[in-house]
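These notes concern the structure reproduced below.
Just so it is clear, none of the values below were taken in a lab; they were calculated from the coordinates. Source: prediction; values computed, not measured. Here Cβ is always computed from backbone atoms with ideal geometry, including for glycine, and neighbour counts include all displayed protein chains.
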Number of protein chains: 2
Amino acid sequence: MLDPVSRVRRFNRAVTSAVGALDTSFLGRGRPLGAARVLNAIGHGRSDVAEIRDYLGLDSGLMSRLLRSLEDEGLVETTAHADDARRRVAKLTRTGRREFAAYEALSNAQAEGFLAQHSQAEALLAAMDLIASALTRERVSLDEIDPQSEQARYCLAEYYAELGRRFKQGFDVSLSRDPDAKDMRRPRGSFIVAMSDTLPIGCVGLKGTDHGYAEIKRLWVAPAARGLRLGRRLMDATEAAARELGITLLRLDTNSALPEAAQLYRTTGWREIPRFNDDPYPDLFFEKRI
Amino acid sequence: MLDPVSRVRRFNRAVTSAVGALDTSFLGRGRPLGAARVLNAIGHGRSDVAEIRDYLGLDSGLMSRLLRSLEDEGLVETTAHADDARRRVAKLTRTGRREFAAYEALSNAQAEGFLAQHSQAEALLAAMDLIASALTRERVSLDEIDPQSEQARYCLAEYYAELGRRFKQGFDVSLSRDPDAKDMRRPRGSFIVAMSDTLPIGCVGLKGTDHGYAEIKRLWVAPAARGLRLGRRLMDATEAAARELGITLLRLDTNSALPEAAQLYRTTGWREIPRFNDDPYPDLFFEKRI
DNA sequence: CATGATATCTGACTAAAGTCAGACATCATG
DNA sequence: CATGATGTCTGACTTTAGTCAGATATCATG
């Protein structure tokens with residue numbers, strides 16, 4: 001009962017029956033699961049028929065019939081795609097949106113009920129984030145986004161909060177050399193976010209300077225996503241972006257209160273150099289030629 | 001992306017597709033899922049047909065046919081139950097055991113693969129234990145067992161390890177008044193373990209004495225099962241056992257380094273009393289009349 | 001040992017999911 | 001604008017899961 005594999009398998013059994021219960025509650029709306037899944041996929045913004053089919057892993061014949069049955073119910077309308085009349089685009093009717101909302105309410109109620117029965121919901125949520133990140137690991141996408149977008153701001157806020165917890169003296173972003181957003185946009189730099197499903201779970205900024213090098217800033221991995229070697233993937237992606245921009249020398253600063261970061265740099269070709277700025281927080285400085 | 005319900009639902013999505021993948025890998029052995037599930041239930045030691053049917057939630061007609069198909073494949077043999085010839089008992093043939101082992105290998109490989117891709121497997125396992133315990137909460141059974149059984153010894157070892165971590169001076173069971181096992185067996189006392197699926201996640205002992213009261217000892221809840229009010233359920237069950245044994249006065253000792261325990265006692269009718277033994281570890285003493 | 005309860009099995013059904021071949025319209029390309 | 005590729009649809013199927021009403025054998029009980 002102690003070995004890791006049994007523990008994973010116990011988790012699998014627990015989760016299998018919970019998933020089954022959710023499916024059963026979906027059947028309560030008088031529609032087979034297949035049709036309900038298509039309706040929900042459309043409700044969640046997947047409009048292209050081929051995309052839905054791919055997402056749900058359905059045969060084109062089956063997909064077509066499920067769509068037809070949703071149309072017969074008056075929940076969905078399909079039209080030809082504007083750019084390519086072979087492709088079809090599905091969208092919900094007014095009734096369809098109402099029905100989708102009912103499914104959403106079921107899902108939300110189920111989630112709330114699960115949380116409510118537990119007196120330490122925060123620990124439960126952290127565990128769920130951890131597992132969801134691990135399970136969707138190979139589906140994490142690294143996207144280059146604007147450093148002032150909502151996702152970027154979320155990551156940075158989490159990053160600052162963590163520095164505040166880990167630095168003995170706390171962390172005040174206004175005392176740090178906060179990079180100008182335009183230095184982290186092409187063509188001067190870049191900002192990359194790691195997305196797991198809809199949740200940002202990591203980020204890194206590449207900040208262009210006028211001193212013959214670019215700096216790597218704001219490398220952050222969500223606690224729930226640690227252990228997945230995401231830091232390394234983010235660094236690789238930034239280096240690739242730097243090469244594209246013709247940058248040949250990278251620098252970064254960090255703090256010895258973040259040993260896992262320094263460890264990552266040391267094992268990926270960075271070498272320690274003397275202090276190259278007057279930011280009050282960092283005490284370790286690295287350089288890498290690419 | 002921050003609200004608890006979205007986080008639970010992200011977890012649900014991640015887990016649904018992982019479960020689907022496992023099901024699909026099971027189909028690879030050329031047998032429908034229903035039959036595979038029955039085969040595995042038998043392999044895991046469920047032999048009584050009614051029990052399997054109940055466990056898998058199958059209709060008796062369907063169950064009968066699935067069994068028949070496994071018999072046709074030469075994987076299963078059924079015989080009449082020794083005590084009741086209406087009931088049937090299923091067991092695996094030699095070929096059946098081989099086939100079951102193949103399913104086990106698939107499950108184990110899937111679990112190992114999942115663990116291997118994560119560099120912090122212990123954190124992942126703790127998260128899985130937490131969630132599995134929360135999901136199977138209403139299926140936790142409280143069983144009265146022998147205080148020297150394997151499950152009891154596992155719980156006690158975990159309990160001592162935790163005391164060692166939480167007491168500043170550590171914990172050495174040989175210095176404590178270790179209760180004699182026979183004092184925690186009927187008719188003098190009782191030992192109750194909380195089982196979640198196959199994993200013991202909590203325990204409590206009721207120790208009979210010759211001083212006109214019985215003592216509650218070794219109340220432990222696994223870290224993964226905290227927040228489920230399991231401590232309270234265990235205490236209620238012991239009190240019920242004590243009443244059955246004609247015990248009317250209960251005592252217990254505890255340590256202020258375990259504040260959640262003292263809190264539980266205070267809110268469930270226990271009142272603090274002066275020290276009533278010379279055990280070196282406890283510094284808080286309680287009594288309850290039942 | 002008659003009687004009602006229980007456990008399983010069989011036959012006859014339905015619903016849902018999935019498969020496959022071919023039809024059809026549309027697209028990209030030379 | 002002919003041609004092959006692509007996306008969707010339809011018809012004709014199969015498999016799997018599940019339901020339900022008896023039939024049959026056995027059990028517990030008085």
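Some points to look at:
- Ascending list, in nanometres, of distances separating the residue A:94 label from those of the other copies (7 Å, Cα toward Cβ): 7.2
- Distances from residue A:266 to itself in the other copies, using label points 7 Å out along the Cα-Cβ axis, amount to 4.7 nm in increasing order.
- Nearest-to-axis residue in chain B, judged by Cβ distance to the rotation axis that brings B onto A and given in whole Å, is B:127, 2.
- Across B:69, B:256, B:141, mean-square fluctuation computed from a Gaussian network of chain B (C-alpha pairs under 10 Å connected) peaks at B:69.
- What separates the residue B:212 label point from its copies, with the point 7 Å along Cα to Cβ, is 9.2 nm, written shortest first.
- With only the Cα atoms considered, segment B:86-141 has a convex hull volume of 122 Å³ per residue.
- Length released on extending from residue B:144 to residue B:266, taking residue separation times 0.36 nm less the Cα-Cα span: 41.4 nm
- Rg over Rh, two decimals, segment B:56-180 (C-alpha only, Kirkwood Rh): 1.11
- Loop-located trypsin sites (Lys or Arg not before Pro) in segment B:165-196, at most 13 other Cβ atoms within 10 Å (DSSP): B:168
- Straightening the chain between residue A:27 and residue A:64 buys 11.3 nm, computed as 0.36 nm per residue apart minus the Cα-Cα spacing.
- Cross-link reach is defined here as a Cα-Cα straight distance under 20 Å, omitting same-chain residues fewer than 8 places apart; for residue B:207 the lysines meeting it are B:182, B:217, B:288.
- Using a simple spin-label model with pseudo-atoms 7 Å out from Cα toward Cβ, residue A:71 and residue B:169 lie 8.0 nm apart.
- The GNM of chain B, with springs linking C-alpha atoms under 10 angstrom apart, assigns the highest mean-square fluctuation among B:218, B:139, B:46 to B:46.
- Tail weight of P(r) past 35 Å, computed on alpha-carbon pairs of chain A, percent: 38 percent
- Against chain B, whose longest principal axis is taken from its Cα atoms, helix B:94-116 shows a tilt of about 60°.
- Cα centroid of segment A:1-64 to Cα centroid of segment B:191-235, whole Å: 38 Å
- Between residue A:98 and residue A:79, the contour length at 0.36 nm per residue exceeds the Cα-Cα span by 4.8 nm.
- Over the Cα atoms of segment A:4-117, the radius of gyration divided by the Kirkwood radius equals 1.06; this is the Rg/Rh ratio.
- Taking every alpha-carbon pair within the protein assembly as shown, the share separated by more than 48 Å comes to 29 percent.
- Placing a label point 7 Å from the Cα of residue B:176 along the Cα-to-Cβ direction, the residues of segment B:227-256 whose backbone N falls under 13 Å of that point are B:253-256.
- Whole-number percent relative contact order across segment B:228-290, with pairs defined as alpha carbons under 8 Å at least 6 apart: 40 percent
- Segment B:138-289: radius of gyration over Cα atoms, expressed as a fraction of 2.2 N^0.38 Å: 0.96
- Selected from B:255, B:12, B:108 as most flexible by GNM, with chain B as the system and alpha-carbon contacts under 10 Å: B:12
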